[in-house]
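A.B. asks: Sharing a structure here in structure tokens format.
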Amino acid sequence: IFLPHLVASLEVEQTYIMVKPDGVQRGLVGEIISRFEKKGFKLTGLKLFQCPKELAEEHYKDLQSKPFFPKLIQYITSGPVVCMAWEGVGAVASARKLIGATNPLQAEPGTIRGDLAVQTGRNVVHGSDSPENGKREIGLWFKEGEICDWIPVQEPWLRE
Ligand code: GDP
Ligand code: MG
């Protein structure tokens, strides 16, 4: 029997997660990395990075026409960010759940934004919104050779 919904949910996905400059300044890097690590995703890329304006504009190009776009670019380039690539089955949607709603006041307690932030313009973390964007964003933020393929020893203890 072919069960397309099951097949889709078993897809290994890559997602681009980024601690934004406020998260770095507020000392939340370890806390944020820890949430994805504990969940059971695989870290495949990690670096501290000062983002140039052009890259911020490319990353957020879909929001170009929004009134807050200039402020968003200023925010993302205002200090170093922590760039991460995470891999796992259903990782994109699951990471978005761990992150919580865009507006931290509407984000559920238990989520990163729900627990650690109060304003949309300072919402501490980014997560890709689709598997396609996950790949696109990892390609934008990481150079060749910066992504590691490895097998975590916990693998058989995460999945039957
Ligand atoms: P996300 O996918 O949950 O991060 O949200 P979006 O893709 O809609 O927006 C990208 C980022 O732009 C958000 O995380 C915020 O940092 C910022 N942003 C979105 N909407 C607003 C807004 O209304 N005002 C301001 N200042 N920033 C916003
Ligand atoms: Mg988004």
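Just so it is clear, none of the values below were taken in a lab; they were calculated from the coordinates. This structure is a prediction, so every number in the text was calculated from the model and none was measured. Counting neighbours? That spans all protein chains shown, and the Cβs are built from the backbone with ideal geometry, glycine included.
A.B. asks: Under 1.5 on a/c is rounded, so check that first for region 78-160, then, if it is not, pick prolate when a/b is larger than b/c and oblate when it is not; a ≥ b ≥ c are the square roots of the alpha carbon gyration tensor eigenvalues.
C.D. replies: On the way: a/c = 2.15, a/b = 1.34, b/c = 1.60.
In terms of gyration-tensor shape, oblate.
A.B. asks: Ok, one more. Counting other Cβ atoms within 10 Å, keep those with at most 12, restrict to DSSP loop, and tell me which GluC sites (Glu not before Pro) in region 1-98 are left. Intermediate results must be reported in sequence, preceding the final value.
C.D. replies: Working: sites: Glu11, Glu13, Glu31, Glu37, Glu54, Glu57, Glu58, Glu87; in loops: Glu11.
Filter output for region 1-98: Glu11.
A.B. asks: If you look for lysine pairs in region 38-160 that are eight or more places apart or on different chains, how many of them have Cα atoms under 20 Å apart?
C.D. replies: Total qualifying Lys-Lys pairs in region 38-160 comes to 17.
A.B. asks: What longest region of the chain stays clear of trypsin sites (Lys or Arg not before Pro) that DSSP places outside H, G, I, E and B and that have at most 12 other Cβ atoms within 10 Å?
C.D. replies: On the way: sites that count: Lys143, Arg159.
So the longest stretch without any such site is 1-142.
A.B. asks: Follow-up question, since we're still on this one. With no solvent and one point per C-alpha, what does the Debye sum give as log10 I(q)/I(0) for the chain at q = 0.10 Å⁻¹?
C.D. replies: -0.36
A.B. asks: Fewest Cβ neighbours within 10 Å first, please rank Ser34, Ser78, Ser65 accordingly. The partial results should precede the final answer.
C.D. replies: Details: Ser34 11, Ser78 16, Ser65 6.
If I rank by nearby Cβ atoms, fewest first, I get Ser65, Ser34, Ser78.
A.B. asks: Shape verdict for region 36-101, please, from the Cα gyration tensor: rounded (a/c under 1.5), prolate (a/b greater than b/c) or oblate.
C.D. replies: Details: a/c = 2.58, a/b = 1.66, b/c = 1.56.
In terms of gyration-tensor shape, prolate.
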